[in-house]
Amino acid sequence: MLKNTAFYSQLAEGVKELSPYQPGKPIAALQRELGIDNIVKLASNENPLGCSQKVVAAISEGARDVHRYPDGSAYELREAIVEYHAKPSVGLSHITLGNGSNDVLELIGRAFLNAGDHAVYSEYAFAVYALTCKAMNVAATEVPAKAWGHDLEALLSAVRPETKIVFLANPNNPTGTWFDVSAWEWFLSRIPPHTLVVLDEAYAEYIQLQAYPEGVHYLEDYPNLIVCKTFSKVYGLAGLRVGYALSSIEIADYLNRVRQPFNVNSLALNAAVAALSDQAFVEQSRVVNSEGLTLLSAGLDALDVPYIPSVANFICVDMEQAAQPIFQQLLQKGVIVRPVTNYGLEHFLRVSVGNTAEIEVFLQALQDILS
Ligand SMILES: *Cc1c(COP(=O)(O)O)cnc(C)c1O
């Protein structure tokens, strides 16, 4: 950061140390650089099936009305969310919509965090928690990970009486690790009742393990719990930007106070309603992902390349050497994956589970580079 430039001293304290979130490289950017068409992008955990055909129809129908402002209360989508969860703890007033769940995380920060407050999250946790805390000039404790995952015992020990928020991702991105119901219940029941627990479930729909604890079941007993959900991953709506938080009515009221009235656009609202109505698409996505995870892991095993076992739609692969040059060589072969150096994982590349053809292109390119 250039400190002697005109407006540096004018910056909000928290923004001085902020660096922007590093997104995956867009396909079009690599196309421009290499002048080739057949790019494989496995960098942003997008759904290789695309989205539901019902979504495509809902968007074309909605196109006629783009001159209208969206429904600022998002009534239809909130109704669809209520129906989907079908629990007394999820009524219309328990929902806060976001322009992606990243927006929800920021709303939580804006509503609850003051400069100097304390927050807690894990080493290797999703980067947006640190960004949110930094932007608000919050002193955060980053708790060392255990086997790359969240160490809930250590996280609890880091919580102080004045801790405002604990951020958790289950499963976590970029590591693909998860914590089970017993660790979660042990943790949640010991957190001070005034400390907010933000549970980010961006990949929850991919998981079908008996011991996986879904946050929605705990809202009734824990009014300090906020569960974040997104349409970007299994529903395949990453480009539309829509996600939501489930919480107590009181917390939803506070979050909606800082929410911009039209933070979710009308096409995204239509699309999300249609997406929820097509659970067959979600099931198909789960099947494709589970087969893809098996194929990708088997391919890495065959190349003798280690990785962190994942329950999500990506795998964090251990190159056992600086990963950045391998990332660059993959780009030259038209394959975009995600370096995770910004997480302190210099030897790792995060690879999304694509379709069979994409996985095979990636594995072949990696084999060529390593041999
Ligand atoms: C992808 C992801 C999100 C979702 O972000 P959106 O803003 O909803 O697209 C949230 N949390 C984690 C951990 C993610 O990996």
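What's the magnitude of the charge dipole for region 153-269 around its Cα centre, counting Lys and Arg as +1 and Asp and Glu as -1 at the beta-carbon? Answer in Debye, nearest 20. Could the numbers behind the result be given before it?
Details: 8 positive and 12 negative charges, 100 e Å.
Charge dipole, region 153-269, about its Cα centre: 480 debye, nearest 20.
Taking the chain as a Gaussian network, where each spring joins two C-alpha atoms under 10 Å apart, which residue of Ala63, Ala43, Ala274 fluctuates the most?
Ala63
Restricting to DSSP loop positions (anything but H, G, I, E, B) with no more than 14 other Cβ atoms inside 10 Å of their own Cβ, which GluC sites (Glu not before Pro) remain in region 306-361? Provide the component values of the computation, followed by the final result.
Details: sites: Glu320, Glu346, Glu358, Glu360; in loops: Glu320.
Here the GluC sites (Glu not before Pro) that fit, given the DSSP loop and packing criteria, are Glu320.
Which percent, to the nearest 5, of DSSP beta bridges fully inside region 182-254 are antiparallel? Please report the intermediate quantities before stating the final value.
On the way: 4 of 8 bridges.
If we restrict to bridges inside region 182-254, about 50 percent are antiparallel.
Nearest 20 debye, what's the magnitude of the dipole of the chain about its Cα centre given +1 on Lys and Arg Cβ and -1 on Asp and Glu Cβ? Kindly include the intermediate steps, with their values, before the conclusion.
On the way: 25 positive and 40 negative charges, 204 e Å.
The calculation lands at about 980 debye.
Would you tell me the accessible area of Thr5, worked out with a 1.4 angstrom probe on the heavy atoms of the protein chains, in Å² to the nearest 10?
The accessible area of Thr5 comes to roughly 70 Å².
For a label point 7 angstrom out from the Cα of Leu49 toward its Cβ, which stretches of region 262-299 have the backbone nitrogen within less than 14 Å?
Counting only backbone N, you get 275-293.
What do you get for GluC sites (Glu not before Pro) in region 156-231 restricted to DSSP loop and a cutoff of at most 12 other Cβ within 10 Å of the site's Cβ? Walk me through the numbers on the way to the answer.
Working: sites: Glu162, Glu185, Glu201, Glu205, Glu214, Glu220; in loops: Glu162, Glu201, Glu214, Glu220.
Qualifying residues, ordered by number: Glu162.
Grab the Cα-Cα distance for Glu214 and Gln284, subtract it from 0.36 nm times how many residues apart they are, and report the gain in nm with one decimal. Provide the component values of the computation, followed by the final result.
Details: separation 70, 0.36 × 70 = 25.20 nm, distance 2.05 nm.
Contour length minus the Cα-Cα distance gives 23.2 nm.
What FRET efficiency, computed as 1/(1 + (r/R0)^6) with R0 = 56 Å and r the Cβ-Cβ distance, is obtained for Ser277 and Asp304, rounded to the nearest 0.05? Mind dumping the intermediate values first?
Details: r = 45 Å, r/R0 = 0.80.
That pair, Ser277 with Asp304, gives E of 0.80.
Longest segment of the chain with no trypsin sites (Lys or Arg not before Pro) in a DSSP loop having at most 16 other Cβ atoms within 10 Å?
Working: sites that count: Lys3, Arg64, Arg68, Arg190.
Within the chain, the longest run free of exposed trypsin sites (Lys or Arg not before Pro) spans 191-371.
Give the carbon-plus-sulfur fraction of the accessible surface of the chain in %, rounded to a whole number; probe 1.4 Å, heavy atoms of protein chains only.
Working: 8660 of 16870 Å².
Summing carbon and sulfur atoms, their accessible area is 51 percent of the total for the chain.
What distance in nm lies between label points placed 7 Å from Cα along the C-beta direction at Tyr75 and Gln328?
According to this spin-label approximation, the distance is 5.7 nm.
From a point 7 Å beyond the Cα of Asn342 in the direction of its Cβ, which residues of region 185-219 have a backbone N at a distance under 17 Å?
none
What does the accessible area per residue of the chain come to in Å², with a 1.4 Å probe and no ligands, DNA or RNA counted? Intermediate values should be presented prior to the final figure.
Values: 16870 Å² over 371 residues.
Accessible surface, normalised per residue, equals 45 Å².
Applying 1/(1 + (r/R0)^6) with R0 = 56 Å to the Cβ-Cβ distance of Gln367 and Ile249, what FRET efficiency is obtained, to the nearest 0.05? Show your work: numbers first, answer last.
On the way: r = 54 Å, r/R0 = 0.97.
The value I calculate is 0.55.
Normalising by the residue count of region 102-249, find the relative contact order in percent from Cα pairs under 8 Å and 6+ residues apart. It would help to have the intermediate numbers written out before the result.
Details: 273 pairs, mean separation 29.2, N = 148.
Relative contact order here is 20 percent.
By how many nm would the segment from Tyr21 to Ser189 grow when fully extended, if each residue of separation counts as 0.36 nm and the alpha-carbon distance is taken off? Write down the numbers at each step before the final one.
Numbers: separation 168, 0.36 × 168 = 60.48 nm, distance 3.29 nm.
Residue separation times 0.36 nm, minus the Cα-Cα distance, leaves 57.2 nm.
Along the Cα→Cβ direction, 7 angstrom out, place labels at Asn114 and Val181. What is the inter-label distance in nm?
4.0
Calculated from DSSP H runs of 4 or more alone, at -39500 (n - 2.57) each and per residue, what is the 222 nm mean residue ellipticity of the chain, nearest 500?
Working: 13 runs with 141 residues, N = 371.
Calculated at 222 nm, the ellipticity per residue is -11500 deg cm²/dmol.
7 Å from Cα along Cα→Cβ at both Asp65 and Tyr8: what's the point-to-point distance in nm?
5.0
The values are calculated or read from the model by the stated rules, or taken from the named source; none is laboratory data. Just so it is clear, the model here is predicted, and its values are computed rather than measured. Using ideal geometry, Cβ is built from the backbone for each residue, glycine included, and neighbour counts are taken over all protein chains shown. Just so you know, the surface numbers come from the protein's heavy atoms only, side chains and all, with ligands and any DNA or RNA stripped out. Shrake-Rupley method; radii C 1.70, N 1.55, O 1.52, S 1.80 Å.
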